[in-house]
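S.K.: Below is the structure I would like to discuss, written out as structure tokens.
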Amino acid sequence: MSRWQKGISKPKAVVTAVIWVAMIVLALVKGVSTMPLWLWVALGVVGVGITLWAGFSKRGRNTWFQKTGPGGNPTF
């Protein structure tokens, strides 16, 4: 069976990274009561890094597909 990878598109990676940055800014400006501030910032930085890596790196694909049967329908 053949396998191939599908990754996030570059525009979607940029939009998602902007959303992560907005979350970091919101946490810094308003403060958070449910978790420590450093945890919010750390999660945001990791989210931005993974999103941009998945969108722009040649090896940044995060989903594998595999053909199954004669129809060749992809499955996760």
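The values are calculated or read from the model by the stated rules, or taken from the named source; none is laboratory data. Owing to the predicted nature of the structure, the values given are computational and were not obtained by experimental measurement. Quick reminder, even Gly has a Cβ in these numbers, built from the backbone with ideal geometry, and neighbours come from all protein chains shown.
S.K.: Go through region 43-69 and count every residue that is surrounded by fewer than 13 Cβ atoms within 10 Å (Cβ to Cβ) and at pLDDT 85 or above.
M.R.: Summing the residues that are surrounded by fewer than 13 Cβ atoms within 10 Å (Cβ to Cβ) and at pLDDT 85 or above in region 43-69 gives 2.
S.K.: If Val32 meets every condition in (1) loosely packed, with under 15 Cβ neighbours inside 10 Å; (2) modelled with pLDDT of 80 or more; (3) touching a helix residue (DSSP H, G or I) at 6+ places or on another chain (Cβ under 8 Å); (4) of a type in the set (A, V, I, L, M) apart from one, which number is that one?
M.R.: (2)
S.K.: Of all residues in region 14-47, how many are of a type outside the set (Gly, Ala, Ser) and not in a helix (DSSP H, G or I)? Don't jump to the end; show me each part of the working.
M.R.: Narrowing region 14-47 to residues of a type outside the set (Gly, Ala, Ser): 14-16, 18-21, 23-26, 28-30, 32, 34-41, 43, 45-46.
Within this subset, residues satisfying the condition of being not in a helix (DSSP H, G or I) are 32, 34-36.
Qualifying residue count, region 14-47: 4.
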